[in-house]
Amino acid sequence: MDDPWITPAEWAGFRKTPSHEETRAWLEKLVAASPLLALENFGKSAEGRDLYHVRASSGSNRPVVLIQAGIHAGEIDGKDAGLMLLRDIALRGKADLLDKVDLVFVPIYNADGHERASPRNFPHLRGPDNPGTVATAQGLNLNRDYAKADAPETQAMLSLLRRLDPVLYIDMHVSEGFDHAYDVTYTSAGWGRHFQSQAITEWLNGPFRSGVDAFLRGMGHNPHFYPSVNDDRDLDKGLRIAAEGPRYSTGYGDLARIPTVLVEMHNLKPYRQRVLGAYAMMEAALRQTARDLPHLQGAISRDRAERPETLALRWQRDDSPLEWITFSGVAHETYRSPATGEMELRYLARPRQLRIPVFGQKPVLTVTLPEAWWVPAGATEVIRRLDLHGIAYERIEAPRTLDLDMVRLIHARPGPVSEGRMTVAGEMIHETRRETMPSGSLRIPRDQPRGLLAAELLEPEAVDSFLAWGFFPGMIQMPDTPDRLASLSVAEELLRADPQVRAQFESRLAQDAQFANDADARLAWLVAHTPFGDDRSGLYPIGREL
C-alpha cells in the first residue's frame, strides 16, 4: 500500500469504489503528474455536479475512442478499471496505446446516482459494498434517454458525441440475471439482423470481435457476446437478440453511424475480477481500433454515405433460430421456493456445456421514407432535440404551402408512464393535407448522414418517435365539438350537400372495416370536415414530404 499511484479501489481491496469527489481528486493528481492527460468538464448533472472526462493523448487531432462508465451508477466496474488504465498509460509504460488514437474517458456519467451509494443498491452484484443507483436524481434511466434526451446528463453526452465524433464509443455496464462461465460479455446493435450500419457492423463482428476476444483470452478472461435468455429458469430455451432503438446507446450509435459497443461484466463474478476484466476490455478495444484504424474509418465513411429509402420500425420475435451455439453454462438444480410457490433454480458452481438456439426478431412494419420531414416552428422542444442530435435541416424564412402526408390519431389516449413521460397511444391514419408551414419551420432532408436517426425520431409509427414519447400532448386533448345531436345534424347535412366529401367517406367505409364499425370515429370524421369541426384534432404536426 506504499505505492503513491494505487487507485482508491485497489487500496480498498476492491471492496469499495471512491465517491465522485474522491475520484476527481485522484484524477486531478494523476493529470498533474503527466503531460499526456487533461481533465475537462463537459456538463452538469441535474443536481449540479460536474460531468467530466479525462483525455489521454500524445498528439493533436487523433481519432477518439470514447469510453463511458457509470451510466448506471451501481455498475461501476468501468470507472475503477479506467482509473487503473489511465495511470498505466501515463506512468507505467502503456503510452503506446495513444500512438494512433486518443482515449477520452468519462468515469462517472450518472453523477447524482453515483452519490446515492448504499449496500442495499444492486443486491445482485458481488461488490462493491457501496454501489450507486440506476436512475438519476430525476428518476431517469440514462440508457433509455438517448432519443428523447430529457436528462441534462444526456444532453451533455450528446453534445460531447457531436464534438468528438469518436471512431469507437464504449458503454460500460454490469449484467443481471442467470449464471454462466463468461466474465466479459459485450454486444452491439449488429449481433442479429437488426442493424442499420452495414459496414460498421461487419467491422465490429469481424476484426474487432476477433482481435478483442484473442486479447481477452490471452489475459485470462472468457469473453462472449452478451447473453439474454428467453427464460431465466430454463436456459435450454435459448438466447434472444432484439432490435435496439435509439433510446439505447447501441441503437443510437447504429443509427447515428457511430461504432458503439455495450460491455456487460458478469454480475456474479467478484468485483476484483470484473474490474480487471473491464480493464482488459478497454485495453483490447484501444489496441484493436489502432491496429485496424483505416479499415474502421472506411467503414464509418461508407455507412455515412448510405441513403436507405426504407426503414423497419417495428419488430417481433422470429421463432426460427438465427443459429445454434455451444454455450458454457453452470449446472443447477430445481427446488420449490417458499417465496414464490414455484420451482426455481439453484446454481451448483459446476460447469455445464449446452447446445442452445439463438433467436432474433423479424420486422413487422417497414416504411418507405419520405424525401424530407416538416416540423412546425412552434415545436420548439423537438427542434431543440434535433439540434442536440446533430440532425441537419433548412429553416424557411417565409411561409410555404405544400402537400404533406400526415398522421391523425383516432381514439388518441395516454399511454403508459415511462421514463418521466406520459406516452401517447392511438390508431394512426395517414391523410394527404394541403399545409401552410409558417416562417421558421424546418425541412429535415432524408439525404444526410443522420437521416435514419431523423426517421426514427420523426416517423410517427417508430417506437421512439417524438409522437410516441409524448412531445405533443395536445394530440390527446379532446377538441371542443358540438354535442351529439348537433353533430348528427351537421354530419347528415354534409353528406347530403357535399358529393365530394360523401365520396371520400364512402371510400373510407369500404376500405377500413374498423372505421366503418366505429360510430364515434365516423361521426368525428364527418364533423371534422364541417366548419364546426376541429380540423387539427389528433393531428401529428410533423409532415412527410410527398
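Before moving on, here are some points about what is shown:
- Within the span defined as the stretch 67-74, one or more residues are over 27 Å from Leu296 (Cβ atoms), open to solvent by less than 20 Å² (accessible area, probe 1.4 Å), in contact with a Pro (Cβ under 8 Å, 6 or more places away or on another chain) and modelled with pLDDT of 95 or more.
- The helices (runs of 4 or more DSSP H) falling completely within the stretch 186-300 that include 3 or more residues that are touching a Ser or Thr at 6+ places or on another chain (Cβ under 7 Å) map to 249-256.
- Top-ranked residue in the stretch 487-515 [being under 39 Å from the mean Cα position of the chain (by Cα) and of a type in the set (A, V, I, L, M, F, W, C); ranked as nearest to His411 (Cα to Cα)]: Phe515
- The strands (runs of 3 or more DSSP E) falling completely within the stretch 353-422 that include 1 or more residues that are under 20 Å from the mean Cα position of the chain (by Cα) map to 361-368, 400-418.
- Hits in the stretch 149-179 - residues which are assigned to a loop (DSSP other than H, G, I, E, B) and within 17 Å of Gly253 (Cβ to Cβ): Ala149, Asp165, Pro166, Val167
- For the stretch 450-501, a tally of residues being closer than 20 Å to Arg384 by Cβ, free of Cβ contacts under 8 Å to residues at least 40 places away in the same chain and crowded, with 22+ Cβ neighbours inside 10 Å returns 1.
- Any hit, the stretch 383-401, residues being open to solvent by 10 Å² or more (accessible area, probe 1.4 Å), of a type in the set (Lys, Arg), more than 30 Å from Arg217 (Cβ to Cβ) and in contact (Cβ under 8 Å) with a residue 24 or more places away in the chain: yes
- Close pairs from the stretch 20-49: first under 19 Å from Ile76 (Cβ atoms) and among the basic types (Lys, Arg), partner in a loop (DSSP other than H, G, I, E, B) and open to solvent by 50 Å² or more (accessible area, probe 1.4 Å), Cβ under 9 Å, at least 6 apart: Arg49/Glu115
- Residue match in the stretch 55-63 (condition: closer than 20 Å to Arg287 by Cα and among the charged types (D, E, K, R)): yes
- Within the stretch 134-148, if we keep just the residues that are surrounded by fewer than 22 Cβ atoms within 10 Å (Cβ to Cβ) and in a loop (DSSP other than H, G, I, E, B), the residue that is nearest to the chain's Cα centre (by Cα) turns out to be Asn141.
Residue-by-condition table, conditions (1) of a type in the set (Gly, Ala, Ser); (2) modelled with pLDDT of 95 or more:
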residue	(1), (2)
Ala256	yes, yes
Thr260	no, yes
Ala278	yes, yes
Ala285	yes, yes
Leu293	no, yes
Gln316	no, no
Ser328	yes, yes
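- Residues in the stretch 1-16 that are over 17 Å from Pro128 (Cα atoms) and assigned to a helix (DSSP H, G or I): there are none.
- Here is the figure for the stretch 16-46: residues that are closer than 22 Å to Asn121 by Cβ and exposed (fewer than 13 other Cβ atoms within 10 Å of the Cβ) total 2.
- Failed criterion for Gly470 (all others in (1) more than 21 Å from the chain's Cα centre (by Cα); (2) on the phi > 0 side of the Ramachandran plot; (3) not acidic (Asp, Glu) hold): (1)
- Residues (among the hydrophobic types (A, V, I, L, M, F, W, C) and open to solvent by less than 10 Å² (accessible area, probe 1.4 Å)) located in the stretch 257-280: Ile258, Val261, Val263, Met265, Val275, Ala278, Ala280
- All told, Gln196 meets the bar of being surrounded by 21 or more Cβ atoms within 10 Å (Cβ to Cβ), among the polar types (S, T, N, Q) and within 30 Å of Glu459 (Cα to Cα).
The values are calculated or read from the model by the stated rules, or taken from the named source; none is laboratory data. Since the structure is predicted, the reported quantities are computational estimates derived from the model, not experimental observations. When we count neighbours, we look across all protein chains shown, and the Cβ atoms used for this are built from the backbone with ideal geometry, even at glycine. Only protein heavy atoms, including side chains, enter the accessible area calculation; ligands, DNA and RNA are left aside. Shrake-Rupley method; radii C 1.70, N 1.55, O 1.52, S 1.80 Å.
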